[in-house]
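> Sharing a structure here in structure tokens format.
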Amino acid sequence: MKSRDKKKAIPLIATTLLVTTAFTTQPFINDGVDHKTQAKGFSKEESKQNRATWLAGDHHIHSEWSVGWDNTKNPPAPIRGGDAIYPTVKNAQNAHKYGLDWMVTTDHGGPNHSKVNLEQAYPELLKSRQAVPEVLQFYGMEFDTPAADHSSIIIPKGDNESKTLYDIESKFNKREPYPNDGSRDTESTMIDALNYMKQMDEPPIQIAHHPSRSATGDAEWGQDTPQEFRNWNDTAPNISIGMEGAPGHQASAINPDGSLDPKGARGSYGNANAPTMGGFDQMTAKVGGLWDSMLGEGRHWWITSTSDSHVNWRDGGSDFWPGEYSKTYVKAEKDYKDIMESLRNGKVFVATGDLVSELDVKAQAGGKSRWYSKSKGNSASIGETLTLPGKKSKDVTVTVRIKDPNAANSHGDQPKVKRVDLIVGEVTGKVEDRSTATNPTTKVAKRFTEKDWKQSGEYIEITYTLKDVDKDSYIRLRGTNTDQLEPEKDPKGENPWTDLWFYSNPIFIKSTK
């Protein structure tokens, strides 16, 4: 994690039929069925899904208990505000100001930092929950991941949350021991940590931070590698669920007076050969890259977007406030448990600069009504799997509804979506070489522009049909306010407000062939 210093071939799925008919603002297309009668038969789970909304959040936020260290003492003494500078309650107040429904406090470690979290950071979190009840505030930390870079550890809310985090940090955080002999900095320690967390009645979530920040070039990985991600996900697929698609520190090029610093690198990705791309990590931004390689194995490996807030750009730092620029949207009821469950299940999309604030995607097997398909498991939304009925090839109808808000973002702009891309890839099974970071089947199946969609107020509505789907596959969406066909490498000094993107997590399609 950065300190307060300012540094500064189309897949075999044919995709030929485009339909731009609108669908209604209801969850399903009006197909002539009496939906009021049908609604009476909702299961408890279906009723919960109907109550769920897109909740904006941020799972990577630092308070003043991300301390500095006085190394003249033995052991080193924590210096409050020595790295990040704001009280938890100020982070929460700004999260509320900028439209967040939930957040996670993730202070990072050092020698004996588990006691700092337990005795100082946690009591402040309890006070912040009382002071800003509008924002659900999870307890967590930025884990100094053994043999890797950093990760979020998100603890389920409960009576034992402080003890749970203390146990994890004190036993496994690689910077916790003093003196530190490096013996914890091994992948076996990380696997032990995941196995330990896996035994908990309510296990936490772990999400890798800024995964390519230490890369030295295109797919020339640094501290985080594809092998590690696969090993973590194999060990604890319900805990190690993904990575930051867009890292924090997106304000690195903005000076306190609002001018641009030509030396500032978005995300603090300082290596000129491995910058962010449209503000997103190369592992996510490259079509057919590492993320698609993971999805091509059928892995539930999700992406998020965070602030990594330490010091705001107005105060000379490199960060936006939580929610000021990046948001991770989770489809859930506003409830701690439901948000955790939806994060785990990938019911998530991410956006920068408030380009969009809702993104609903539905895949439905053709030939039956939407209601019939839902009841038979033949339709799916973000994070879910569509099972194709029968052994014959099926058309799959993809419906998309995006809210492109008219309201100004925190920069005073009203960015507009210029293009939406439907990305399709095949699921071909586990790779033999665990360092694999490509999926050659993944392609942009269709690029939609304004002429291809219907605008209904603030909503963009698209319908598209994938023809003759006969392979295990997945779809995902992305969009931008730029004219870039693919996200380009971000030059130093770039204004982040002019280069905005959103990404959905995938829907998987399971063939019965």
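The values are calculated or read from the model by the stated rules, or taken from the named source; none is laboratory data. Bear in mind that the values here come from a model prediction, so they are computed numbers and not experimental data. Using ideal geometry, Cβ is built from the backbone for each residue, glycine included, and neighbour counts are taken over all protein chains shown. Remember, those area values only see protein heavy atoms, side chains included, never the ligands or the DNA or RNA. Shrake-Rupley method; radii C 1.70, N 1.55, O 1.52, S 1.80 Å.
> So which of 178, 166 is open to solvent by 20 Å² or more (accessible area, probe 1.4 Å) and out of contact with any helix residue (DSSP H, G or I) (no Cβ under 6 Å at 6 or more places or on another chain)? Full working, then the answer.
Values: 166 fails: out of contact with any helix residue (DSSP H, G or I) (no Cβ under 6 Å at 6 or more places or on another chain).
After ruling out the rest, the residue left standing is 178.
> Let me ask something additional. Let me spell it out: the conditions are (1) in contact with a helix residue (DSSP H, G or I) (Cβ under 9 Å, 6 or more places away or on another chain); (2) in a helix (DSSP H, G or I); (3) within 27 Å of residue 437 (Cβ to Cβ), and residue 213 meets all of them except one. Which number is the exception?
Residue 213 satisfies all of (1) in contact with a helix residue (DSSP H, G or I) (Cβ under 9 Å, 6 or more places away or on another chain); (2) in a helix (DSSP H, G or I); (3) within 27 Å of residue 437 (Cβ to Cβ) except (2).
> Out of curiosity, is residue 285 open to solvent by less than 10 Å² (accessible area, probe 1.4 Å) and more than 15 Å from the chain's Cα centre (by Cα)? Don't jump to the end; show me each part of the working.
On the way: open to solvent by less than 10 Å² (accessible area, probe 1.4 Å): yes; more than 15 Å from the chain's Cα centre (by Cα): no.
When the stated conditions are applied, residue 285 does not pass them.
> Among the residues of the range 414-446, count how many are open to solvent by 50 Å² or more (accessible area, probe 1.4 Å) and assigned to a loop (DSSP other than H, G, I, E, B).
10
> Take residue 475 and decide whether it is surrounded by 14 or more Cβ atoms within 10 Å (Cβ to Cβ) and within 23 Å of residue 390 (Cβ to Cβ). Before the answer, list the steps.
Numbers: surrounded by 14 or more Cβ atoms within 10 Å (Cβ to Cβ): yes; within 23 Å of residue 390 (Cβ to Cβ): yes.
Yes; evaluated as a whole, the condition is true for this residue.
> Out of the residues in the range 478-511 that are among the charged types (D, E, K, R) and open to solvent by 10 Å² or more (accessible area, probe 1.4 Å), state the one that is modelled with the lowest pLDDT.
510
Okay, residues lined up against (1) within 17 Å of residue 66 (Cα to Cα); (2) touching a strand residue (DSSP E or B) at 6+ places or on another chain (Cβ under 7 Å):
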{"site": "84", "(1), (2)": "yes, no"}
{"site": "92", "(1), (2)": "yes, yes"}
{"site": "102", "(1), (2)": "no, yes"}
{"site": "114", "(1), (2)": "yes, no"}
{"site": "141", "(1), (2)": "yes, yes"}
{"site": "151", "(1), (2)": "yes, yes"}
{"site": "164", "(1), (2)": "no, yes"}
{"site": "179", "(1), (2)": "no, no"}
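> What are the pairs, 6+ residues apart or on separate chains, where a residue within the range 195-209 that is more than 16 Å from residue 152 (Cβ to Cβ) has its Cβ under 6 Å from a residue that is not hydrophobic (A, V, I, L, M, F, W, C)?
Sorted first by the residue in the range 195-209, then by its partner, the pairs are 202/156.
> Right, something else. Of all residues in the range 216-252, how many are in contact with a Ser or Thr (Cβ under 6 Å, 6 or more places away or on another chain), open to solvent by 10 Å² or more (accessible area, probe 1.4 Å) and either part of a loop (DSSP other than H, G, I, E, B) or among the basic types (Lys, Arg) (or both)?
The qualifying residues number 2.
> Also: How many residues does the range 148-165 hold that are under 22 Å from the mean Cα position of the chain (by Cα) and either farther than 30 Å from residue 212 by Cβ or assigned to a loop (DSSP other than H, G, I, E, B) (or both)?
Looking only at that region, the number is 4.
> Which pairs have Cβ atoms under 9 Å, sit 6 or more apart or on different chains, and link a residue in the range 119-133 that is within 13 Å of residue 66 (Cα to Cα) and of a type in the set (Lys, Arg) to one that is assigned to a helix (DSSP H, G or I) and open to solvent by less than 70 Å² (accessible area, probe 1.4 Å)?
Once the first residue is within 13 Å of residue 66 (Cα to Cα) and of a type in the set (Lys, Arg) and sits in the range 119-133, no partner that is assigned to a helix (DSSP H, G or I) and open to solvent by less than 70 Å² (accessible area, probe 1.4 Å) comes close enough.
> Let me ask you something else. I need the full set of residues from the range 40-70 which are part of a loop (DSSP other than H, G, I, E, B), of a type outside the set (Phe, Trp, Tyr) and modelled with pLDDT under 95, in order please. Please lay out each step first, then the result.
Restricting attention to the range 40-70, the residues satisfying the condition of being part of a loop (DSSP other than H, G, I, E, B) are 40-43, 52, 62-67.
Okay, now just the ones that are also of a type outside the set (Phe, Trp, Tyr), so 40-41, 43, 52, 62-64, 66-67.
If the condition is that a residue be part of a loop (DSSP other than H, G, I, E, B), of a type outside the set (Phe, Trp, Tyr) and modelled with pLDDT under 95, then 40, 41, 43 are the ones that fit.
> Okay, moving on. Which one of these does residue 400 not meet: (1) in a strand (DSSP E or B); (2) surrounded by fewer than 21 Cβ atoms within 10 Å (Cβ to Cβ)?
Failing condition for residue 400: (2).
> Have a look at 127, 97, 157, 90 and point out the one that is closer than 29 Å to residue 189 by Cα and charged (D, E, K, R).
Numbers: 127 fails: closer than 29 Å to residue 189 by Cα; 97 fails: closer than 29 Å to residue 189 by Cα; 90 fails: closer than 29 Å to residue 189 by Cα.
Exactly one residue qualifies, and that residue is 157.
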